[in-house]
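The structure appears below as structure tokens.
Quick note: the coordinates plus some simple rules give every number you see, no bench work behind them. Note that the structure is a prediction, hence the values are computed from the model and not measured. Glycine gets a Cβ as well: all are built from the backbone with ideal geometry, and neighbour counts include every protein chain shown.
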Amino acid sequence: MPPIIEVRHVTRRFGGFVAVNDCSLKVERGSITGLIGPNGAGKSTLFNMVAGNLSPSSGQILLDGEDITGVPPHKLFGKGLLRTFQIAHEFSRLTVRENLMVVPEHQAGESLLATWVAGGRVRENERAVREKADEVIDFLKIGHVADELAGNLSGGQKKLLELGRTMMTDAKVVLLDEIAAGVNRTLLNDLAGNIERLNRERGYTFFVIEHDMDLIGRLCDPVIVMAAGQVMMQGTLDEIQANEAVVEAYFGG
Ligand code: ADP
Ligand code: MG
């Protein structure tokens, strides 16, 4: 079986600046693969290309062996490749449950509030969507805030909701870009536990950019180190931290 994600010789230029430089890597099915590296290494640019938010200048990206280079995000969503997004302003006035219920339509590239409020397709299967939302709420143990407006959640609770939104469809692989930033330890522990359970119990693959080494060490194997737009090393966090060149380029700096 092909890896769930394969990046082949991908380069991305911004004007004369090369942010991602002939980068190749694989994310194996069923893994929680970490992506670390100093600021400016090109991690987010790489994610944006994998998620379809940005086109490579050259190179190829495969999902499950299928060429998805330049395929837009809503099409990738349909193929089970998702990334988490901060709860947009317009959704802060919806409850947690409503935020989950609108995902299937919204991510499919439709104007969500119009569809949802006016009725139409969502209404027809509203019961199924509501049941799914309740199942997600149970799984994440966020029942106590299910009817709270998303705008009133703490930073960590918002991250849990963002993770929950990926569960409203059949995700194969989920990209997480720095979810630990600004999240307190207790909620971070919840978040990590849920990522582990989704991986173990639901077969999710995760591709995770993270600065928090505790979280990387707990969740990720393998870990890929990027520097100056290229992959510098891949291994367990222990192997990486034992590599002098990497430590100098990254941890030491
Ligand atoms: P990381 O996520 O590893 O911190 P980024 O992928 O965000 O790194 O950025 C890599 C480099 O590309 C940085 O030097 C950044 O300034 C540059 N860059 C990223 N996006 C753009 C853009 N839209 N236009 C110009 N330069 C960009
Ligand atoms: Mg970044």
If you count the DSSP beta bridges with both ends in the chain, what percent of them are antiparallel, to the nearest 5?
-> 60 percent
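Give me the extension gain from Q241 to D214: residue separation times 0.36 nm, minus the current Cα-Cα distance, reported in nm with one decimal.
8.5 nm is the gain from fully extending Q241 to D214.
Is there a pair in K43/K141; K26/K159; K26/K141; K75/K132; K26/K158 whose C-alpha atoms are over 24 Å apart, and which pairs would that be?
Details: K43/K141 31 Å; K26/K159 26 Å; K26/K141 33 Å; K75/K132 22 Å; K26/K158 29 Å.
The pairs that break the limit, which is 24 Å between Cα atoms, are K43/K141; K26/K159; K26/K141; K26/K158.
Using alpha-carbon pairs under 8 Å, 6+ residues apart, how would you state the relative contact order of region 1-71 in percent?
Values: 126 pairs, mean separation 28.4, N = 71.
That works out to 40 percent.
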Rank R185, R12, R83 by mean-square fluctuation in a GNM of the chain with C-alpha springs under 10 angstrom and give only the top-ranked residue.
-> R185
Along Cα→Cβ, 7 Å out, is where each label goes; now give me the distance between the ones at F85 and D22 in nm to one decimal.
-> 3.6 nm
Could you give the radius of gyration (one decimal) and Dmax (whole number) of the Cα atoms in the chain, in Å?
-> 18.5, 59
Rounded to the nearest Å, what's the spacing between the alpha carbon centres of region 202-230 and region 52-75? Just the number, please.
-> 20 Å
Residue-normalised 222 nm signal for the chain, counting each DSSP H run of n ≥ 4 as -39,500 (n - 2.57), nearest 500 deg cm²/dmol, is -10000 deg cm²/dmol
Any chance you could give the angle, 0 to 90 degrees and rounded to 10, that helix 185-202 forms with the longest Cα principal axis of the chain?
-> 90 degrees
Normalised by the residues of the chain, what does the relative contact order come to in percent, with Cα pairs under 8 Å and at least six apart?
-> 27 percent
Return the percentage of antiparallel bridges among DSSP beta bridges fully within region 173-253, rounded to the nearest 5 %.
-> 50 percent
